[in-house]
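Here the structure is laid out as structure tokens; the discussion comes afterwards.
FYI, it's all coordinate maths here, none of it is from the lab. Note that this is a predicted model, so its numbers are computed, not measured. We place every Cβ from the backbone using ideal geometry, glycine too, and count neighbours over all the protein chains shown.
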Amino acid sequence: MNTELSAKATEIADYAQSLLTIGGYNSFSYADIADRVRITKATIHHHFPSKAELVRVVVARYREQARQGLATLDRQIADPLAQLNAYVDYWATCIRNGSSPFCICAMLAVELPTIPDEIAAEVRGHFQDLTDWLTSVLEKAAVTGQVQLQENSTIEARAFMAGVHGAMLAARGFGDPETFRTLVQLSIGRLTSAR
């Protein structure tokens, strides 16, 4: 999918992504973006005719960035358990420094019953992308004996993903970034303790 944007459209999309991270689809309007980016709502409509199109583009870009990030982990780290830890470390850093304290697709998943279909499709696509990657990593880790899977690899991948997203939510709920690391380490420990 082509996610190339002009400089102004990129600025709009970047700010929309930060608003999605904070409060989801229904938490902002074009007026919020216009104030921050210092343009008119009409200019935003020129770049993104509807809020649904703006958010769809933001999520498509987010998916592409995530896929690239996971591919980079595959290229740079051979050890599958180290890949899982690097994935968790990425989120721990984002949560601690506030740069991306919540996965926008996890946030939007909460709103799936009320968001436009084209956005829901992108959100589900992200969940599938992440499940596919985690499944592959867990299968490699099981072959090397680093983890013991109690269920099939896809179920384990989804459970791990749910643990990561739940830990994000708990960190936000408690207002404590270290809660994230503590909880995801339990998820990793569950996979490695049965060895």
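If the cut-off is 16 Å between C-alpha atoms, which aspartates and glutamates fall inside it for LYS140, apart from same-chain ones fewer than 8 positions away? Correct list for LYS140: ASP74, ASP79, ASP132, GLU151, GLU156. The charge dipole of the chain, taken about its Cα centre with unit charges on the Cβ atoms of Lys, Arg (+1), Asp and Glu (-1) only, comes to about 220 debye. Going by neighbour counts of Cβ atoms within 10 Å, the residues HIS126, HIS45, HIS165 line up, fewest first, as HIS45, HIS165, HIS126. Full extension of the chain between ASP32 and GLN148 gives 37.0 nm of extra length, using 0.36 nm per residue less the Cα-Cα distance. Could you work out how far helix 7-23 tilts from the main Cα principal axis of the chain, as a 0 to 90 degree angle to the nearest 10? Around 60 degrees separate the two axes. Taking the centroid of alpha carbons for each part, segment 154-195 and segment 29-83 are 24 Å apart. A dipole drawn for the chain from +1 and -1 charges on Cβ atoms has a positive end, and of LEU134, ALA60, HIS165 the residue lying farthest that way is HIS165.
Helix 177-192 axis versus longest C-alpha principal axis of the chain: approximately 40°, rounded to the nearest ten. Report the residue, chosen from ALA92, ALA109, ALA71, that carries the largest GNM mean-square fluctuation when the chain is represented by alpha-carbon nodes joined by springs under 10 Å. Top of the fluctuation ranking is ALA71. Dipole orientation for segment 1-96: of the candidates LEU81, GLN17, ALA42, ALA42 has the Cα lying most toward the positive pole (charges on Cβ; Lys, Arg +1; Asp, Glu -1).
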